[in-house]
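Note sheet for the following structure.
The values are calculated or read from the model by the stated rules, or taken from the named source; none is laboratory data. All figures in this text were calculated on a predicted structure; none of them were measured in a lab. All Cβ positions, even for glycine, are placed from backbone atoms using ideal geometry, and neighbour counts span all protein chains on display. Note: areas computed on protein heavy atoms with side chains; ligands, DNA, RNA excluded. Shrake-Rupley method; radii C 1.70, N 1.55, O 1.52, S 1.80 Å.
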Amino acid sequence: MNRFAKSLAEGSISLRRARPEILQVNVGKLCNLTCVHCHVNAGPKRKEIMTRETIDRIIEWFADTDIPTVDLTGGAPEMIPDFRYFIQRVKRLQPSRHVIDRCNLTILLEEGYRDLAEFFADNQVEVIASMPCYSAENVNAQRGDGVFDGSIAALQLLNSLGYGIDPALPLHLVYNPVGAFLPSPQEELEADYKRELAKHFSIVFNRLYTLSNLPIGRFAAYLRHSNQLDEYMQLLIEAFNPATIDGLMCRNTISVGWRGEVYDCDFNQQLGMQWNDGRPVFLWDVNPDCLDSREIMTGEHCFGCTAGAGSSCGGAIV
Ligand code: SF4
Ligand code: SF4
């Protein structure tokens with residue numbers, strides 16, 4: 001039994017699924033950036049990309065469910081050739097569904113993608129954008145030189161289209177720490193972001209989501225390299241907060257990989273913890289009405305989601 005499962009057992013806590021509300025699709029590992037903290041090990045040379053055939057199978061499955069939201073992530077999800085096709089097909093479903101794009105912002109200014117922000121606005125796609133700090137130094141250290149200026153320009157572009165202003169065009173930012181520590185309280189940080197981005201760049205946005213870095217992927221390699229892995233794990237373990245369990249994203253999200261394979265969350269996906277019911281499970285094998293109470297596959301990385309105020313795709317949990 002891993003240490004996380006042990007902590008649950010000691011507290012007589014059971015971690016099981018509730019009804020699925022979000023289909024989170026990781027369309028591949030291709031990205032225009034190579035951030036230090038990336039748990040996907042994404043980058044410009046990655047070849048893993050969802051094909052149109054897989055998209056069609058996912059949409060067919062999704063159309064028969066009442067799951068209200070599709071959450072697209074990557075890599076930079078926008079870089080797969082059928083990204084717009086995916087969104088258009090989801091938007092044509094009856095009843096219509098909500099689409100979220102997890103965006104690194106800089107992609108919106110790259111050659112070939114400059115009309116994407118408009119496409120988002122036309123299709124009322126919610127944008128959740130990474131912005132690890134409101135200072136250039138910290139952003140560039142984590143994401144690469146020039147990323148801060150690009151992110152600011154992209155946010156201004158989104159604002160000019162009504163994002164963060166029109167209630168139909170939500171724009172949320174995501175903060176994650178630049179090192180081996182937990183995020184500050186979400187509301188305080190959100191107030192700082194709003195004040196600084198408005199003052200220096202006239203940027204507005206809706207919510208700031210604080211996320212903890214999980215000790216996997218490139219962030220784990222960084223911790224190992226700088227001899228901080230054990231210390232960081234200890235920090236997460238000591239900050240274990242049982243009150244976060246009910247709000248963990250693995251309870252209401254189905255995570256799908258670029259080949260259609262199914263996981264409890266995107267972190268488990270990066271660790272290869274695919275569902276296995278006697279054989280590996282793909283989305284088209286799943287009956288969404290039979291997921292209530294399914295046991296969630298855990299590992300020590302789960303302490304990253306339950307530390308302090310907790311961490312999920314929608315930010316702090318408590
Ligand atoms: S953290 Fe996001 S933007 Fe950075 S390399 Fe990973 S997928 Fe790309
Ligand atoms: S990593 Fe987080 S979201 Fe994923 S299974 Fe563990 S607790 Fe749940």
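Annotations for the structure displayed:
- Beta-bridge orientation, the chain: approximately 25 percent antiparallel, per DSSP, counting only bridges with both partners inside.
- Here the simple spin-label model places points 7 Å from the Cα toward Cβ, and for Lys6 and Ala168 these points are separated by 5.4 nm.
- Size estimate for the chain follows the Kirkwood approach: the inverse of mean 1/r over distinct Cα pairs works out to 20.0 Å.
- At a probe radius of 1.4 angstrom, the accessible area of the chain per residue rounds to 43 square angstrom.
- Cβ-derived FRET efficiency at R0 35 Å, His200 paired with Phe119, nearest 0.05: 0.80
- Put a dot 7 Å past the Cα of Ala63, heading toward its Cβ, do the same for Cys290, and the two dots end up 2.3 nm apart.
- When the inverse distances between all different Cα atoms of the stretch 206-318 are averaged and flipped, the Kirkwood radius reads 15.1 angstrom.
- Leu197 accessible area, assembled protein chains, probe 1.4 Å, Å²: 0 Å²
- A Förster radius of 22 Å combined with the Cβ-Cβ distance from Lys45 to Arg259 puts the calculated FRET efficiency at roughly 0.70.
- Overall Cα dimensions of the stretch 86-173, principal axis frame, Å, largest first: 46, 26, 20
- Within the straight-line cut-off of under 19 Å between alpha carbons, the lysines reachable from Lys45 are Lys29, sequence neighbours fewer than 8 places apart in one chain being disregarded.
- Under 19 Å from Lys194, Cα to Cα: aspartates and glutamates that are on another chain or at least 8 residues apart: Glu126, Glu137, Asp149, Asp166
- For the stretch 164-229, Kirkwood radius (reciprocal of mean inverse C-alpha pair distance, Å): 13.6 Å
- Label-to-label distance, nm, for residues given as Glu231 and Ile13 (7 Å Cα→Cβ offset): 2.6 nm
- Of all accessible heavy-atom area on the stretch 158-317, the percent that carbon and sulfur account for (1.4 Å): 51 percent
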